[in-house]
Amino acid sequence: MTHEKLPGKKISIRIAAAAFALLAVLFFFSIILPELRREERTLVVPIHITGVPENHLVTYQSQSKAEVRIKANSETLSHPDLLRLQVTMAPGELEKEGVYPIEMLSQHADKITIKQITPSEIHLRLTRTASRIVEVTPRITGSPAPGFRVAKVEILPATARITAPMKAIHALSNISTTAVSVEGATASIETTVAPQTSEIQPAILSPALFKVRVTIEAKPVVANLPAISITPSPGETRSVTFTPPKVHLQVSATASVFEHLKTHGGVTATIDTRELPLGIHVRRAAITLPEGASLASATPELFTVTIAQ
């Protein structure tokens with residue numbers, strides 16, 4: 001007897017083959033292809049220490065960064081905060097020294113495969129700390145341009161709270177800032193600087209930054225002024241004679257102040273005669289100068305004052 005193949009059976013086989021092929025394609029595109037597109041890369045990631053007990057500082061950390069070999073697609077790899085490496089000290093872990101495992105934290109953990117973290121643990125050493133308020137001294141380097149000088153240096157704030165190992169902090173009364181250069185300066189400088197704490201590392205300062213203002217001004221020069229006539233008190237109605245009649249002044253001022261003196265004057269030499277009776281007296285002259293100028297010398301220092309009706 002001859003058996004013929006049924007058409008329905010042929011169709012079933014074809015459908016099954018097509019379904020298998022479709023599943024194979026779906027498997028390729030969903031599993032194989034994405035895996036082929038994933039890249040393997042080694043990243044260098046900082047290690048963060050958390051859970052440090054109160055009044056303690058980490059004085060030794062065997063590694064500050066670790067290498068992480070991961071596999072992910074290019075889009076995931078380009079994420080700026082892809083990974084965070086962390087060592088967490090539990091509340092009960094108060095040993096001064098120990099080895100702690102490195103944890104990996106990521107918001108994209110489901111999209112990456114961690115191949116290796118090197119090292120997988122780090123060695124930490126703790127020390128007890130103390131805090132105190134210290135003065136902050138701005139460190140100025142260099143020299144202003146010729147003809148200029150540093151007139152004033154200000155820092156804000158002038159004090160800071162420093163937290164450091166107890167052995168180091170007891171002998172500490174002040175800290176300095178990083179250098180502020182005034183080399184060649186002809187105008188005032190205002191800048192923000194950090195403290196210089198290398199000699200007492202590790203240390204924590206509050207605040208961590210300071211504003212420094214260096215006032216630069218022209219150097220004053222000393223020069224002779226033309227002789228100034230001596231004058232009596234305003235409103236004096238009597239006959240008053242001064243011997244000698246003029247005073248020679250030597251004044252310290254900047255070039256701009258001297259220029260102002262030449263143009264506008266502003267220097268006076270007065271002897272108060274209001275309380276002097278008739279006759280001959282010996283008195284000093286009161287010299288007034290404009291702002292920015294100071295008297296270096298006056299010649300002569302004493303004058304003969306003759307008062308008559």
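For K246, work out the one condition from (1) in contact with a helix residue (DSSP H, G or I) (Cβ under 6 Å, 6 or more places away or on another chain); (2) at pLDDT 95 or above it doesn't fulfil.
Condition not satisfied by K246: (1).
Which residues, counting only those in the range 290-308, are of a type in the set (A, V, I, L, M, F, W, C) and not in a strand (DSSP E or B)?
The answer is A293, and nothing else.
Would you please name the residue that is farthest from M166 (Cα to Cα), looking only at residues in the range 216-231 that are without any contact (Cβ under 8 Å) to a residue 60 or more places away in the chain and surrounded by 13 or more Cβ atoms within 10 Å (Cβ to Cβ)?
Checked the range 216-231; the qualifying residue farthest from M166 (Cα to Cα) is T231.
So which residues in the range 108-156 are under 30 Å from P207 (Cβ atoms), in contact with a helix residue (DSSP H, G or I) (Cβ under 7 Å, 6 or more places away or on another chain) and not in a strand (DSSP E or B)?
none
Give the residues of the range 64-113 that are among the hydroxyl-bearing types (S, T, Y) and under 33 Å from the mean Cα position of the chain (by Cα), sorted by residue number.
From the range 64-113, those among the hydroxyl-bearing types (S, T, Y) are 64, 74, 76, 78, 88, 100, 106, 113; that's our starting set.
Scanning the range 64-113 gives S64, S78, T88, S106.
Right, I162: within 24 Å of T59 (Cα to Cα), exposed (fewer than 12 other Cβ atoms within 10 Å of the Cβ) and among the β-branched types (V, I, T) or not?
For I162, the condition - within 24 Å of T59 (Cα to Cα), exposed (fewer than 12 other Cβ atoms within 10 Å of the Cβ) and among the β-branched types (V, I, T) - is not met.
When you go through (1) exposed (fewer than 15 other Cβ atoms within 10 Å of the Cβ); (2) at pLDDT below 85; (3) under 30 Å from P202 (Cβ atoms) one by one for M89, which number turns out not to apply?
(1)
Could you check the range 187-286 for strands (runs of 3 or more DSSP E) lying wholly inside it with 3 or more residues that are in contact with a strand residue (DSSP E or B) (Cβ under 6 Å, 6 or more places away or on another chain), under 30 Å from N174 (Cβ atoms) and among the aromatic types (F, W, Y)?
By residue number, no strands (runs of 3 or more DSSP E) qualify.
Results for (1) crowded, with 17+ Cβ neighbours inside 10 Å; (2) closer than 27 Å to A168 by Cβ; (3) charged (D, E, K, R); (4) assigned by TED's automatic domain parsing to the domain that holds A203, shown as yes or no for each residue.
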| residue | (1), (2), (3), (4) |
| --- | --- |
| S64 | no, yes, no, no |
| V68 | yes, no, no, no |
| H79 | no, no, no, no |
| E103 | no, no, yes, no |
| I114 | no, no, no, no |
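Scan the range 202-215 and tell me whether some residue there is over 30 Å from A164 (Cβ atoms) and not small (G, A, S).
yes
For E291, are the conditions met, namely being under 40 Å from the mean Cα position of the chain (by Cα), of a type in the set (D, E, K, R) and not assigned by TED's automatic domain parsing to the domain that holds A158? Reasoning before the result, please.
Details: under 40 Å from the mean Cα position of the chain (by Cα): yes; of a type in the set (D, E, K, R): yes; not assigned by TED's automatic domain parsing to the domain that holds A158: yes.
Yes.
The values are calculated or read from the model by the stated rules, or taken from the named source; none is laboratory data. On a predicted model such as this, the values are computed, not experimentally measured, just so you know. For neighbour counting, all protein chains shown are included, and Cβ atoms are generated from backbone atoms with ideal geometry for every residue, glycine included.
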